[in-house]
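The values are calculated or read from the model by the stated rules, or taken from the named source; none is laboratory data. All values derive from a computational prediction rather than experimental measurement. Heads up, the Cβs are rebuilt from the backbone with ideal geometry, glycines too, and the neighbour counts pull from every protein chain shown.
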Amino acid sequence: MPTTDAAPADSAGPATDGIGAGRALDDTVELRLTAGLLPLLAEVDLLDSPATWGTTDTPAGAFRLEPVRLGRDLELLTGWMNDPEVAAYWELAGPAAVTAAHLRAQLNGDGRSIPCLGLLDGTPMSYWEIYRADLDPLSRHYPARPHDTGIHLLIGDGTNRCRGLGTTLLRAVAGLVLDNRPRCTRVIAEPDIRNTPSVSAFLSSGFRCYTEIDLPEKRAALMIRERALRNLL
C-alpha cells in the first residue's frame, strides 16, 4: 500500500546567510508542529471503525464484518488464498508466511486499510479489505474524492460461489459503508476485467463501470456506487 530517498547532506556545512537561517528556523518550526500533531494523527480513525458497524440482514442470512485477528484467522485465510480460483486473482498462494505478510502490512499500518472476515449467520465465509481509496495508490488512476471507500472481496469456500452470494454481499457491504461513513459519498472497487463473475456481481449490486484502468498488477474495471443510489436498491 512508496519510499522516499533522503536528500544528500550539504557538504558546505550550515548556511550562515539570512536566507539559510530563515530556512533553518522554518524547518525547526515545522518539525515541532509535526511532532505536536503526531499524537492527534494517531487517534484519527480513517475508516470509522468497521468493527462497530454491526449486523445487517440479507436474503442469505445475517451478515457482519469482523476485523481479522492474525493468530485466530491465519490458517483459514491461508487456505482460502491457496484455492486456485482465488489465487488466480489475489496472487497470494503459498505458505502461511505469504498471507501473514499481506495481513500485517494492513494491521500494522495507519488504518487506511482494514482486513475483515465476512460472517454469514456467524460463520466466516468471505474475506474483505475496506480501505480509503482516496489515500491509496489507486487514487493516482482515477479522479478520487475525499473519503472514497474501496472494497476488495473474496468468497473463501467454493461451495458459496456461483450462487448469487457475491451480489448479495456486495450490496450489504456497500450499504454498511454508506450507512456508517457519513462523509463517504462513493464506494469504489477495481476488479480484474478478466474476472467476469466478479465484474457481474458488482454490476448486479448497484455499482456502475465507469472506465477501465491499467494498474501495476492488472487491467481493472473501475466500479463506483454512488450514495445517491443507496435508497433505490
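For the stretch 122-233, please list each of the strands (runs of 3 or more DSSP E) lying entirely inside it that holds at least 1 residues being hydroxyl-bearing (Ser, Thr, Tyr) and in contact with a helix residue (DSSP H, G or I) (Cβ under 9 Å, 6 or more places away or on another chain).
Counting at least 1 such residues, we get 123-132, 149-155.
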| said: Considering only the stretch 212-228, I want to know if a residue exists there that is closer than 21 Å to residue 52 by Cα, of a type in the set (D, E, K, R), in contact with a Lys or Arg (Cβ under 9 Å, 6 or more places away or on another chain) and exposed (fewer than 15 other Cβ atoms within 10 Å of the Cβ). | reply: no
| field | Residue under evaluation residue 119, criteria (1) over 15 Å from residue 66 (Cα atoms); (2) surrounded by fewer than 20 Cβ atoms within 10 Å (Cβ to Cβ), criterion not met | value | (1)
| field | Residue in the stretch 106-123 that is within 16 Å of residue 75 (Cα to Cα), at pLDDT 95 or above and under 12 Å from the mean Cα position of the chain (by Cα) present | value | yes
| task | Could you look through the stretch 53-75, keep only residues that are of a type in the set (A, V, I, L, M) and surrounded by fewer than 16 Cβ atoms within 10 Å (Cβ to Cβ), and pick out the one that is nearest to residue 131 (Cα to Cα)? | result | 70
| message | So, in the stretch 93-121, exactly how many residues are under 22 Å from residue 188 (Cα atoms) and either in a loop (DSSP other than H, G, I, E, B) or touching a Cys at 6+ places or on another chain (Cβ under 7 Å) (or both)? | response | 4
| How many residues are buried (at least 24 other Cβ atoms within 10 Å of the Cβ) and closer than 25 Å to residue 84 by Cβ if we restrict to the stretch 192-208? | 2
